[in-house]
Structures are given as C-alpha cells and as structure tokens.
Amino acid sequence: MSADPTLLLAQAQKITPPSIEYSSLSPLLIVFAVALIGVLVDAFATRGARRVIQPILAGGGFIAALVAVAVLHGRHAVLASGAVAIDAPTLFMQGTILVFALLSVLLVAERQLDSSGGAIVASAAITPGSKGSTAQQTSADMQTEAYPLMVFSVTGMMLFVASNNLLVMFVALEILSLPLYLLAGLARRRRLLSQEAAMKYFLLGAFSSAFFLYGVAFAYGFAGSVELGKVADAVGAVGKNDTYLYLSLALLAVGLFFKIGAAPFHSWTPDVYQGAPTPVTAFMAAGTKVAAFGALLRVFYVAFGGLRWDWRPVLWIVAILTMVVGAVLALTQRDIKRMLAYSAVAHAGFLLVGLAGTNTDGLRGSMFYLVTYGFTTIAAFAAVSLVRTSDGEASDLSQWRGLGRTSPLLAGTFSFLLLALAGIPLTSGFTGKFAVFQAAIEGDATPLVIVALVCSAIAAFFYVRVIVLMFFSEPLAEGPVVVTRPTLTFGTVGIGTAATLVLGVAPQPLLDLANTAATSGFVR
Amino acid sequence: MNTVPWLTILLIVPAAAAVVVAALPRRHATLAKQLTLAVTLAVLVLAVIATFAYDPDKAGFQFGQSYDWISTFGISYSVGADGISLVLMLLAALLVPVVVLSSWNEVDGEAAGGGRVPAPTAVPDRGTPGGSAGGAGPAVDVEGIGPVGGAGGAGGAGGVGGGAGGATAVLAAPAPARPVTFPPVETRGEAETPGRRSVPAFFALLLALEAGMIGVFAATDVFLFYVFFEAMLIPMYFLIGSYGPVKEQAQRSYAAVKFLVYSLFGGLLMLAAVIGLYVVSADNLGHGTFDFATLRQMEITPGVQKLLFLGFFVAFAIKAPLFPFHTWLPDAGAQSPTGGAVLLVGVLDKVGTFGLIRYCIPLFPDAADYFAPMVLGLAVVGIFYGALLAIGQRDMKRLVAYTSLAHFGFIALGVFAFTSQAGTGAVLYMVNHGLSTGLLFLVVGFLVARRGTRDVGAYGGLAKVTPLLAGVFLLAGLSSLALPGTNSFVSEFLVLVGTFTANKPLAIVATCGIVLAAIYVLYLYQRTMTGPIVHPENKVLHDLSLREKLVVAPIVALIVALGVYPKPLLDIITPTVTATYADIGKSDPAPTHPAAAHPVATQPGGHS
C-alpha cells in the first residue's frame, strides 16, 4: 500500500455517507429508540413510576415496531451499503421476535405471583448471604433495568436476522447476547443459581462469540469482504483458498449452533434455562431461537448456499446429535425447567432437520416451526411460573404430583402444551413437525426424518410422564399452590395456548405467510 | 349423490357434546350422564338412518364431502363412507351408548347408585357397585380392622355428605388416620373438589372418543385419518390413566403410558410413511395430495411401496394388535374402566385391521403381495399365542384381552388371504368381535363391580346366585368361540373358507385354533359360574339390575340375530371388499363385481 498522505486525504474527502433508508429500518430504529428512552426513564423516574412506565414503554415500542414491520411487507432490498437486508424472511422473523417479546414483557411485568412482586430481583448487586440479602427477598422493588435490557436484546435479535454483513451480524450477536447474560442473573429467588447461570452463559457465550468472530475473519480472508453476497460470489468462483472457506464456515457454524442450543454446543441450555428468571427463560427460549435460526438460515443459504453439498452432512450429524441428546437427557431430568430446556435442545434438532432439506420448503417449514414452538414454549414457561411454593416456583417435578386433581385447569392447559411439544395432531406442534419433516423428505433426507420421529417418540415419553404425574398421582399433602388470581401471566398463557390450538387446527394463513416469505427468498 | 352430510353430522354431534359436557361443573354428574346418553343415542339413530340411506351397489365413497383444510400441503377435510367403514361406524355408534349406560355408576361409584344396592348387602367392604370402593374388599384383608371402621364410619356419614360420602370412604381406606383427624367439612371438600374422578370429564372423554372413532373411519384423506388416529389416543389415555381401578394407581398409569407410547411410536412411523406418500404423490402428480382416491390410482415403485407399507403396517399392527406388537393390550385392557375396555378392544383396535384393508392393501398392492406371507404367519401365530395365554390367565380382563389377540389373528388372516370371501368375513368379524368381546368385557365388568376383583379364583358357582348374569356370560363366551348360531360363526367360517381357497395349510392350522378358543371360554365359564360356591361373599351377589339388562339386551339380540341372518351387513360389506380386491388385481374365481374401476391401479405384478 502506498502511504501517500495526500492521496489518502483526497480519498477521505471523497467518502460519501451511505444513503440510509430510515423508513425501511424503522422497526429496528423504533425498538432501539425505546431502549434508549428506557435507560433515561430508569435514570430519572421514581421507583414506583418506573415499574409502571417501563413495561408500557417496552410493550408500546414492540407494538409500534410490529406495525412498522407490517407496513414494510413486500420490501426486498439491501440497505445501508449492504449492511442490512430487508426481505420477506427478515420481516417474518422480526415480526415473530416482536410478538414473542411482547408476550414476555407481560411475564416480566407480572407482580401478583410472588408475594413481594415480580420474578426480577430487587437489587442484583447484593450478593447472596451478605447484608441485606434477606431483606431484598421481601422487598417490593425490582431491578427495572430489566426492561431496557430486554428491549436492547430485541434490537439485537432484529438486527441479527436482518444483517447482510458478517460484521454487522457479529455486532448484532453481541447486542442480543450481552443483555441476556445480565437478565439471566436477575432471578429474585435462588440467587446463587441465577448468578451461576449468568456466569456460565456469559463465559460460554463469549467463547462462542469469539468463534464467530474468528469465522468472520476467515471469511474475509477468503472472500475479501464480509458481505454475505460477496462471500457467496467468492464461493462460486474458482481458485480461492478453500482452507479459509471451510474454516470460516466451521467457526461461524459453531457460533450459531451455540446460540440455537444445538449439540454438542448445548451444555449451557439447561443451567441457564433453570437459573434465569422464568420470564427471561421464556423470552430466551422463544426469541433467541428465532433470531439465531434466522441468522443461521441467512448464513447457510445466502453466503454458503453454493457449498450446501459440503455442509449438509455436517448438518445431518449435528441434527441427529441434537435430537438424540435433547430427547434422551430430558428423560433423566427432575426439574421441570431443565426438562423444558432439554426439550428446547431436541426442538432445535427438529428445526435443523427442516434446514437439512435445503429447499424452499425447508425455509418455510423452519419459519413456521419457529412460530409454533415459540408460542408453545412461552406459554409453557409462563404456566410453570404459576405453580408456586412459599419458596418461589415449584420447579421440581415431584411437586407437580396430583396437580390435575387440585387445579385441573392449569394442569389441563399445561398438558395440552406438553402434547403440543410432543407433536400430537390438532396442536401446532404437529403441524410444525409435519412442515419440517415434509421438507426434509422432499429434500432426500428421509433417514434423518426417521431418526427425528424416533426421537419424537422418546420425547413424547417424558412429556407424557409429566401428565402422568399431574393426573394419575395422588396430590401431595403440602403441595404447591397454583396462583388463580387473574394476572398478566394468564394473558400470556392464554394467548400462547390459543395460538397453539389455532395453529394446529387452522394453520393455513400462517403457512401462506411463511410460504410467501420463503418463496420470495433472501435478498443478496 | 346424497346431499345430507351424514358423516359430518355424526362427527360434529359427539364432538360438540364433548365440549359441552366437559364444561359442566362436577356437581352436575347426573346431567352429564343424561346428556351423554341422549347424544350417543341420537348418534346411533343418525348412524342407522345413514345406513339406510347408503346404497351398497354404488361403487366408491358415499356421503362424500371435501373441503380444503391446509392447502399448502394438499390436505383436505374429506369424508366418505364405503361398506367397510359404514359398518364399523355403526358398531361404534352402537357400543358407545351401551358403554355410557354401563358406566352409569362406575365413575362416581357410590351413593348415586344406591338404588341398585339391596339393603341386605350392607357389608361395609362391598357397599358400592362401581368397582371403585368395591376395591375396599382387599383392603380389609391387608390393613386389618382399622380402615374398615374408618370406611364404615365415613360411609355412614355419607348420609350427610351425600355423594361425597362414598368417595370419602375410598380416600379414607388407604390412610386410616385421615378421616379421624380431618374435620368433616374439609374431608368432604377434599372428596368433592380435587376428588379423584370427575364424572362430566369421564363422559366428555367418551364423547370425544366417539367423535374420534367416527372420524377415523369416515376420513378419506390420509392426513385426516392420521390426525384422528393419533388424536383418539388422548381420550383413551386419560380414560385408562384417570379412571382405571382406583387401587392400582401405579399399574394403571403404567398401562396408560405403555398404551400411549406404543401407539405413538407406531403412529410416528406411520407419519413418516404418510409424509413419504405425500412426497411420492408430489413427484408423480406434480402436486402433493393426501386424497385417498387419487393416491390409490398412483403407480409407486415396488421398493418405495415396501417401505411405505411397513410404515403403515407397523402402526396398524401395534394398534390391532398383531402378535409381536401386542404386549400393551393386556395391560391396557385390564387397567381400563369397563367401558373403556369395551371401546378399546371393540372399536379402537379395529382401526388397525380397518387400516390394513383400507390403506395398506389398496395403496401398496405390490408390497401387500410381497409381505402377505409374513402377515399370514403372524396372524396364525397370534391365533395360537393369544389363545394359549388366555387359557393361562387368572385376571379375567387380561384373559379377555388375550382372546382378542387370537381374534385379531383371524381378522388379519382374512384380510391378507386376498379372497373376497375371506375379506368379507374379516370385516364382518371386526363387527362381531366388537359385539362378542364387548359383551364379555361388560359381563366381566359387572362381576368386578360386584366383587371388586378381577381374579378368577374369587368366583365360582355364580350360576346359582346370578343365573341371568351367568347366562349372558355363557352367550358372550359362545359367541367368542364362534359357536354356530352366534354371529361370530358366520364371520369365522367365511374367513376360514376364504383362506382355504387361497392357502390350504394355513386355513387348516388356523381352524385348530378354534379348539383352543373353546378351551379358554369354557374353562373360564367353568371356573367362575359352575361348581360349588367357595366364597361366602358370593352368596349375596345380586343378579343383573334393570340398567344392566338394558345394557346387555341390544348386544345379546344382535349376537343372535346376526348369527341367524347376517345378510344385511354382508350386503353392505361384500361389494366394497370385492371392489377392493378387484382393484389390486385379486379376483375370486367368480367375480361378483364388474372389472376394476381403475385400470391404472391394476398392478402387473398381481396374480389372480
């Protein structure tokens, strides 16, 4: 490189700022602005006011962004000098993330469940066992920073699925992850477990981010650009250094597999799902999965689409491993949140099966599955948070014994959700599974589908075991209490359950939507 | 074409009623029962009218309806009836009201049925007819005198507590300390609110099951069939798990889970085949479809056919069940409430054999041909294995379940013999088996309700005490062993004759199975009904009540009527079965039906 200072100066002066179509970025911008306002509110509003303003602000922001997404439908463009892609799959995922975020805000804002109010700790900085740590158990306060953190995380998720540039994708990954690490440590009860979860999540997450970043570097080394389209072009060209290419693909995949919780990068899932406050777990389980899958789809389909015959076998192995690990380990769990965590791992495997079809049907199926799974899992975690003992949630499975006798409505709803997770017909879980498996068989991945079905049968066993516990066992004398006051959580459970039923009985409209999104495809 | 959407009506009425009944509060138990009975009787009437509206000589499906459901996957809500499905729907519609009536007191099992309990039988351990508190009998032996006092006391309080009293007694029996320490109000509250069995829920489950059964037979869209096939499991699962024998909590949840997991496993294999079928249709026709009529005209390469056939076959073989896949049946049969067992073995399991003749054979004719020897082998093994195990059982419900295994062997034999005689016999056998085994389960249920145990050893000499019950028991048994003059004889004879023309050795071997049938039936009858009365408790048993007579009367009448004059059913069944076999190129020496309606589907590989 010649270091002629005048030339550099001349170049610098010629740089024109990229034209940014603010209208097309409006969903992202709205959510980002809401996050910033949230920080300001937290700084200036009084304690009581914060607890009212913050959820309304966050919820309002999500709704506004959702409207913006709806208005943008049909956009198909690369914006901001190739940094962001707005296309039908992006908008579909962004909308999905926003809906799930909205449902999760209801859970975070819940104050009726815990006698002291809310699942979020009063003051996260007080370490367990130190002075004031018992007082904060009963404090009616809450760390209201949780809301802006959540909104930031949603910003990251929305950018993650929209990024058309590996570097932007990395930034988005960090924006979505860092707030989640914090949120995981904010549980009011069982502080140590929560902090352990946050720590584990942070360390492993940082590790996987590094993998991702390293992959980005190799991609640049290979293609001379971090834009997905240019990487794809370079993949198509001959005479490049293939070593960099495969290293890049492998490292990027590790980072993304970590986020979706695919084996063997799933080990954080049970601990974090268990330790995090249940509303955050619900948010993570649904939202992160959509975001990470959106990014995964984009990277694999757009940047490395030309290599599909190379990554397909890897995907097969990861999918099989994920399903088997998720289904088998879930069998041994005694804690309901851990069980749902392993079930989330298994479901990540089912999603990968759809991806292994490497066709438009797979894209459609995966997107549909993400929606169905998100609704069901949020509702399931919300239902878990309703069953309580004096010491917080009754998350140990043995405490759920006989719940079908004592509170049939909750137990019935939860059973329905479990059956949906197991994939029984007339629930959304079945339609989703059908969509991905159909895509996989269409894409010549029949053996993978057989494995997936066997894993579904194994998985059904542990879901059914919970139903057995709830309905066919005698209730405990000192059993948990089910909160029956009408609360925000009821809203989330209700909406999630209704969506699970409707998407099982009449999935056509959503399938049409996903189909339109999938056939219009990713923009490059 | 008939314009009345009979099948949709038959489907919607019980489904809607299930929702209504489920929404009833627990205290409206009687209302729930009455409503359920009324609805199921209405369904029966509708089914009978539909049968008269059905024209057996018309080819193809009747009462057909088709609406797009999930058009992305070519799934439609399509229903239609042919001769085979119509008679099975009729069977389901008949058995459900019978079961409702027979389960009248089984669930709440106490004071509500007080009218039935004669005064002299005030022995505390058998105060209830419902089988639930009847279980208190063994508890007396095990736990000594304490619980008896407790139960008796609570039972006495039943005068105050009304319906709750008996349930309290049930709860109290295992833990004698509880009724003493608990204030009466609380005990009663516990018995009523979280109480172990909600009556409306039970009847809602029965109605949901009926809707599922109608749906599974009526569906002419493979996907819709699959949906009903799986969805039906859930009500049955809860019937076994929640309403099985009170005392055997561990066993009944084990049985329920085993039933569900076995069926789900088979169902998931079938799902793979269903999706595979869809993909094949998409490759062949350019657009994927699940429409049965379209699919059966499709050419599928033999290799693919074999795989798809196995997917369907294993699911049906688990459901039916055929020999190596049967182990869930004795558990599920024994742990079901009586009504559940009748429907499980009488109708639900027919879905398996129905699937074989409806889906496996027409869709995959080459594969059916290829695998027929294996299926026939399994069928004959099942006939003997089931019969031998039945002879060795002491648990009466398990015994009846094992006899069913033998009967399903006969049905599978008839289906895969590929002659219209055997096929017609097999379909008729499905109906007859529903009647005879259903009656056997009902009578066994009556006995269990009286004595609280399924053990054969607890009975003996009952024919002297309860002659009517013994008579019905004998008739059910004779029908089960296919005595000439009873309904099963006609079907078994048709199956064996039809098989004989196709495969002589197998037919001869299978015929020997009838001898074993005579042994298990008569041996059971001998141990329970004849001889001296060994147990003094049995001396005070009462004979069939009016309700029980009403329950058994229609089945008894049909067993005799169909034994003497099976023509109406045969007229409905024969054309469809003949057409099915003709369609795949299997015609009898003298075909009764004009040549294949779908020349495309005639496989070159089929020999006649």
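The values are calculated or read from the model by the stated rules, or taken from the named source; none is laboratory data. Quick caveat, the model's predicted, so the values are computed rather than measured. Positions of Cβ are backbone-derived with ideal geometry, glycine not excepted, and every protein chain shown enters the neighbour counts. Each accessible area value is taken on the protein alone, full model and side chains, heavy atoms only, with ligands, DNA and RNA left out. Shrake-Rupley method; radii C 1.70, N 1.55, O 1.52, S 1.80 Å.
Exactly one of (1) assigned to a loop (DSSP other than H, G, I, E, B); (2) buried (at least 24 other Cβ atoms within 10 Å of the Cβ) is unmet by B:GLU299. Its number?
(2)
Given the conditions (1) without any contact (Cβ under 8 Å) to a residue 12 or more places away in the chain; (2) buried (at least 17 other Cβ atoms within 10 Å of the Cβ), and given that B:VAL13 satisfies all but one, which numbered condition is not satisfied?
Failed condition: (1).
Please tell me if A:GLY429 is open to solvent by 10 Å² or more (accessible area, probe 1.4 Å), facing chain B (nearest Cβ under 10 Å) and in a helix (DSSP H, G or I).
No.
Where in region B:311-424 are there helices (runs of 4 or more DSSP H), lying fully within it, with 3 or more residues that are over 24 Å from B:VAL261 (Cα atoms)?
So the answer is B:365-392, B:396-416.
I'd like to verify a number: residues in region A:346-399 that are open to solvent by 10 Å² or more (accessible area, probe 1.4 Å), over 23 Å from A:SER415 (Cα atoms) and modelled with pLDDT of 90 or more, how many?
Result for region A:346-399: 1.
Considering only region A:143-162, I want to know if a residue exists there that is touching a Ser or Thr at 6+ places or on another chain (Cβ under 6 Å), at pLDDT 90 or above, of a type outside the set (Phe, Trp, Tyr) and open to solvent by less than 10 Å² (accessible area, probe 1.4 Å).
To start, the set of residues in region A:143-162 that are touching a Ser or Thr at 6+ places or on another chain (Cβ under 6 Å) comprises A:161-162.
Now restrict to residues that are at pLDDT 90 or above: A:161-162.
Within this subset, residues satisfying the condition of being of a type outside the set (Phe, Trp, Tyr) are A:161-162.
Next, from what is left, pick out any that are open to solvent by less than 10 Å² (accessible area, probe 1.4 Å): A:161-162.
Yes, region A:143-162 contains a residue that is touching a Ser or Thr at 6+ places or on another chain (Cβ under 6 Å), at pLDDT 90 or above, of a type outside the set (Phe, Trp, Tyr) and open to solvent by less than 10 Å² (accessible area, probe 1.4 Å).
Of all residues in region B:244-254, which are more than 10 Å from every other protein chain (Cβ to nearest Cβ) and part of a helix (DSSP H, G or I)?
B:GLN251
What about A:ILE450, is it closer than 28 Å to A:VAL328 by Cβ and open to solvent by 40 Å² or more (accessible area, probe 1.4 Å)?
Here the answer is yes, as A:ILE450 does meet what is asked.
Counting only residues that are buried (at least 20 other Cβ atoms within 10 Å of the Cβ), among the polar types (S, T, N, Q) and in a helix (DSSP H, G or I), how many does region B:502-537 have?
1
Considering every residue within region A:472-485, establish whether at least one is among the aliphatic types (A, V, I, L, M), in contact with a helix residue (DSSP H, G or I) (Cβ under 7 Å, 6 or more places away or on another chain), facing chain B (nearest Cβ under 8 Å) and open to solvent by less than 60 Å² (accessible area, probe 1.4 Å).
no
Looking at region B:65-86, which of its residues are more than 14 Å from chain A (Cβ to nearest Cβ) and surrounded by 17 or more Cβ atoms within 10 Å (Cβ to Cβ)?
B:SER78, B:VAL79, B:GLY80, B:ALA81, B:ASP82, B:GLY83, B:ILE84, B:SER85, B:LEU86
Condition test on B:LEU31, is it open to solvent by 10 Å² or more (accessible area, probe 1.4 Å) and either touching a helix residue (DSSP H, G or I) at 6+ places or on another chain (Cβ under 6 Å) or under 24 Å from B:LEU356 (Cβ atoms) (or both)?
So B:LEU31 does not fit the description; no.
Quick check on region A:233-261: of everything there that is aliphatic (A, V, I, L, M) and at pLDDT below 90, which residue is surrounded by the most Cβ atoms within 10 Å (Cβ to Cβ)?
A:LEU245
For region A:83-127, give me the residue count where each residue is within 30 Å of A:VAL71 (Cα to Cα), of a type in the set (A, V, I, L, M) and part of a loop (DSSP other than H, G, I, E, B).
So the answer is 2.
Does B:PHE441 count as assigned to a helix (DSSP H, G or I), among the aromatic types (Phe, Trp, Tyr) and open to solvent by 20 Å² or more (accessible area, probe 1.4 Å)?
No.
Can you say whether A:GLY374 is within 14 Å of chain B (Cβ to nearest Cβ) and touching a Phe, Trp or Tyr at 6+ places or on another chain (Cβ under 6 Å), as far as the supplied structure shows?
Details: within 14 Å of chain B (Cβ to nearest Cβ): no; touching a Phe, Trp or Tyr at 6+ places or on another chain (Cβ under 6 Å): yes.
It is false that A:GLY374 is within 14 Å of chain B (Cβ to nearest Cβ) and touching a Phe, Trp or Tyr at 6+ places or on another chain (Cβ under 6 Å).
Output the residue which, of all residues in region B:211-241 that are within 11 Å of chain A (Cβ to nearest Cβ) and of a type in the set (Ser, Thr, Tyr), is farthest from B:LEU348 (Cα to Cα).
Looking at the filtered set, the residue picked out is B:TYR226.
Does region B:316-337 contain any residue that is modelled with pLDDT of 90 or more and within 25 Å of B:GLY74 (Cβ to Cβ)?
yes
Find the residue count for region A:404-424, including only residues that are surrounded by fewer than 23 Cβ atoms within 10 Å (Cβ to Cβ) and within 8 Å of chain B (Cβ to nearest Cβ).
Residues in region A:404-424 being surrounded by fewer than 23 Cβ atoms within 10 Å (Cβ to Cβ) and within 8 Å of chain B (Cβ to nearest Cβ): 2 in total.
Suppose the filter is within 14 Å of chain A (Cβ to nearest Cβ) and under 16 Å from B:ILE9 (Cβ atoms); does B:TYR54 pass it?
Against the criterion (within 14 Å of chain A (Cβ to nearest Cβ) and under 16 Å from B:ILE9 (Cβ atoms)), B:TYR54 does not qualify.
Determine whether region B:196-208 contains at least one residue that is in a loop (DSSP other than H, G, I, E, B) and facing another protein chain (nearest Cβ under 8 Å).
So in region B:196-208, the residues in a loop (DSSP other than H, G, I, E, B) come out as B:196-198.
In the following step, the residues that additionally are facing another protein chain (nearest Cβ under 8 Å) were identified as B:196, B:198.
Yes: one or more hits.
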